[in-house]
Amino acid sequence: MQNECELCKSTDDLCLYEVSGRDDESITVCKTCFEQLNDDSKIDESHWYCLNDSMWSENDAVKVVAFRMLTKLNNQEALDMIYLEDDVRDWAESGIEVVDEDAEIKKDANGNILNNGDTITVLKDLDVKGSSIVAKRGTVVKNIRLGDVSGHIEGKINGTAIYLKCEFIKKS
């Protein structure tokens, strides 16, 4: 095991991350990288700027993980720069979940990509149609769902399920 995360170079709370697709392939990662690699709802895009360096690693397993995360983040600019041999590209692509191309990518008011399970904060007082509820500015809504209403997410405020426009929320 390395003495630093092979993705972000952190030296805290290191562990092994098994890279799917090949037997006995693993890399050393920090707790932050490990959590985000295993739970899409915890992905913090700003943490993954480190991939601009780690995608050039000589370790194929590191390049595979970088490719997969860049794909999740939809970072086409970096994906265009990464170089993978054909067999390594096949390995990297074999571990990518197939995503519905027609699915809408929902973003908050600051442009952060929203995922199921995220926690958001309401940016302004919002009247909820069909009820007397007002979603007050600063209200925190946990465990949101993206749903299938364009430009909206689903959440619960005081036990009532409502839809909120993405332009009036921010990811917490």
Legend entry - Candidates per trypsin sites (Lys or Arg not before Pro) in segment 101-138, loop by DSSP, up to 13 other Cβ within 10 Å: K124, K129, K136, R137
Legend entry - the chain, helix-only ellipticity at 222 nm - DSSP H runs n ≥ 4, -39,500 (n - 2.57), divided by all residues, nearest 500: -6000 deg cm²/dmol
Inset, instruction - Sort segment 62-140 into rounded, prolate or oblate with this rule: let a ≥ b ≥ c be the square roots of the eigenvalues of the Cα gyration tensor; rounded if a/c is under 1.5, and if a/c is not under 1.5, prolate when a/b is larger than b/c, oblate otherwise. - result: prolate
Legend entry - Distance between modelled label sites at R145 and T121, nm, 7 Å Cα→Cβ extension: 2.6
Inset, instruction - With +1 on each Lys and Arg Cβ and -1 on each Asp and Glu Cβ, and nothing else charged, work out how big the dipole of segment 15-161 is about its Cα centre, in Debye to the nearest 20. - result: 1300
Inset, instruction - Find how much the distance from D90 to E167 grows on full extension, using 0.36 nm per residue of separation minus their present alpha carbon separation; answer in nm with one decimal. - result: 23.9 nm
Inset, instruction - Taking Cβ-Cβ under 4.7 Å as the only way to count a partner, pick out the unpartnered cysteines of the chain. - result: C15, C33, C166
Inset, instruction - Just list whichever of K42/K107; K9/K142; K31/K107; K42/K165; K136/K165 have alpha carbons separated by over 19 Å in the model shown. - result: K9/K142; K31/K107; K42/K165
Legend entry - Per-residue Cβ neighbour rank within 10 angstrom, fewest leading, T28, T160: T160, T28
Inset, instruction - Using only the Cα atoms, work out Rg/Rh for the chain, with Rh taken as the Kirkwood radius, to two decimals. - result: 1.06
Inset, instruction - Sort S57, S20, S150 so that the residue with the fewest other Cβ atoms within 10 Å of its own Cβ comes first and the one with the most comes last. - result: S150, S20, S57
Legend entry - Charged-residue dipole, Cβ positions (Lys, Arg, Asp, Glu), segment 120-171 about Cα centre, Debye nearest 20: 200
Legend entry - Cα shape, segment 120-171, gyration tensor, a/c 1.5 rule: rounded
Legend entry - Charged-residue dipole, Cβ positions (Lys, Arg, Asp, Glu), segment 14-94 about Cα centre, Debye nearest 20: 300
Legend entry - Rounded if a/c under 1.5, otherwise prolate or oblate - segment 14-94, Cα gyration tensor axes: oblate
Inset, instruction - Please identify every one of the GluC sites (Glu not before Pro) in segment 101-172 that sits in a loop by DSSP and has no more than 11 other beta carbons within 10 Å of its own beta carbon. - result: E101
Inset, instruction - Find the centroid of the Cα atoms in segment 107-130 and in segment 3-60, then give the distance between the two in whole Å. - result: 29
Inset, instruction - Check each of the GluC sites (Glu not before Pro) in segment 1-79 and keep only those in coil by DSSP with at most 16 other C-beta atoms within 10 angstrom; list them in order. - result: E4, E25, E58
Legend entry - Computed over the chain: relative contact order in percent, which uses C-alpha pairs under 8 Å that are six or more apart: 15
Legend entry - Sum of side-chain charges, I82 neighbourhood, beta-carbon under 13 Å (Lys, Arg +1; Asp, Glu -1): -3
Inset, instruction - Could you work out the relative contact order of segment 14-94, using alpha carbon pairs under 8 angstrom and six or more residues apart, expressed as a whole percent? - result: 25
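Just so you know, all these numbers are worked out from the coordinates, no wet-lab data involved. Fair warning: this is a prediction, and the values are worked out from it, not measured in the lab. Don't worry about glycine lacking a Cβ; one is built from the backbone with ideal geometry, like all the others, and counts go over all protein chains shown.
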